[in-house]
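See structure below.
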Amino acid sequence: MSERRASSLYALAAEFASPGALIEGTRAMAGLGLRRMEAYTPTEIEGLDDVLPEASDHRVGWIAFGGGVAGAVIGFGFQMWVNMMAYPMNVGGRPFFSWPAFLPVTFEMAVLCASLSAFLAFFVLCRLPRLNHPFFESALAERASQDRYILLVEADDPRFKATEVGDGLREAGALSVEEVRV
């Protein structure tokens with residue numbers, strides 16, 4: 001006999017009838033200290049990004065800034081090393097450390113490294129490539145693109161307690177609350 005592996009809880013999905021109810025439900029969950037939430041809506045909702053905790057995450061910008069600074073330092077340092085130590089060449093009587101000539105390559109290295117680090121940070125922080133999301137197996141996923149507003153509260157949040165979150169979603173005006181399993 002083969003044993004079936006018990007599926008684990010991935011999240012709770014709550015269905016709301018209006019954008020205002022979704023925002024209120026999101027505020028209620030943020031009030032419980034939950035940070036791992038996603039919203040699925042058929043249209044854009046103004047103000048939803050302000051109440052979703054993860055939406056205000058600015059790590060990609062800081063990672064891109066760090067990548068740009070690292071790229072500038074590497075580009076400038078490499079040129080300095082080549083011109084002063086590895087292959088010193090006196091061209092037209094200019095000094096070996098002629099920093100104005102280093103600026104174009106330094107700038108280009110900063111742009112290159114900032115864009116690459118932003119691209120990679122975006123993929124890592126969004127957990128991409130995700131070929132299949134457990135929520136898309138739910139019946140609520142189809143309604144999210146038609147006429148319902150869905151809030152997904154992920155179970156890997158440190159403050160997640162299924163009964164407390166489910167009751168909180170119902171009190172916040174959810175029409176239904178469904179478990180999403182992996």
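The values are calculated or read from the model by the stated rules, or taken from the named source; none is laboratory data. Remember, it's a predicted structure, so these values are computed and weren't measured experimentally. Because the Cβ atoms are built from the backbone with ideal geometry, glycine has one as well, and the counts that use them run over all protein chains shown. Just so you know, the surface numbers come from the protein's heavy atoms only, side chains and all, with ligands and any DNA or RNA stripped out. Shrake-Rupley method; radii C 1.70, N 1.55, O 1.52, S 1.80 Å.
What do you reckon, is Ala139 farther than 30 Å from Phe16 by Cα and touching a residue at least 12 places away in the same chain (Cβ under 8 Å)?
No, not satisfied.
Give the residue, chosen from Ala11, Ala17, that is modelled with pLDDT of 90 or more, among the small types (Gly, Ala, Ser) and open to solvent by less than 40 Å² (accessible area, probe 1.4 Å).
Ala11
Given Gly71, Gly33, Gly67, Gly77, which one is farther than 23 Å from Phe123 by Cα, within 33 Å of the chain's Cα centre (by Cα), modelled with pLDDT of 95 or more and surrounded by 11 or more Cβ atoms within 10 Å (Cβ to Cβ)?
Only one candidate qualifies: Gly77.
Return the total of residues in segment 130-166 being more than 11 Å from Tyr40 (Cα to Cα), open to solvent by 90 Å² or more (accessible area, probe 1.4 Å) and acidic (Asp, Glu).
The qualifying residues number 2.
Filtering segment 86-109 down to residues that are assigned to a helix (DSSP H, G or I) and out of contact with any Phe, Trp or Tyr (no Cβ under 9 Å at 6 or more places or on another chain), which residue is surrounded by the most Cβ atoms within 10 Å (Cβ to Cβ)? Before you say what the answer is, go through the steps one by one.
At the first step, the residues of segment 86-109 found to be assigned to a helix (DSSP H, G or I) are 86, 99-109.
With the extra rule that they be out of contact with any Phe, Trp or Tyr (no Cβ under 9 Å at 6 or more places or on another chain), the set shrinks to 86, 100-101, 104, 107-108.
Working: Ala86: 8, Pro100: 7, Ala101: 12, Pro104: 10, Phe107: 15, Glu108: 13.
So, considering only residues that are assigned to a helix (DSSP H, G or I) and out of contact with any Phe, Trp or Tyr (no Cβ under 9 Å at 6 or more places or on another chain), the one surrounded by the most Cβ atoms within 10 Å (Cβ to Cβ) is Phe107.
So Glu54 fits all but one of (1) modelled with pLDDT under 90; (2) over 24 Å from the mean Cα position of the chain (by Cα); what number is the exception?
The number of the failed condition is (2).
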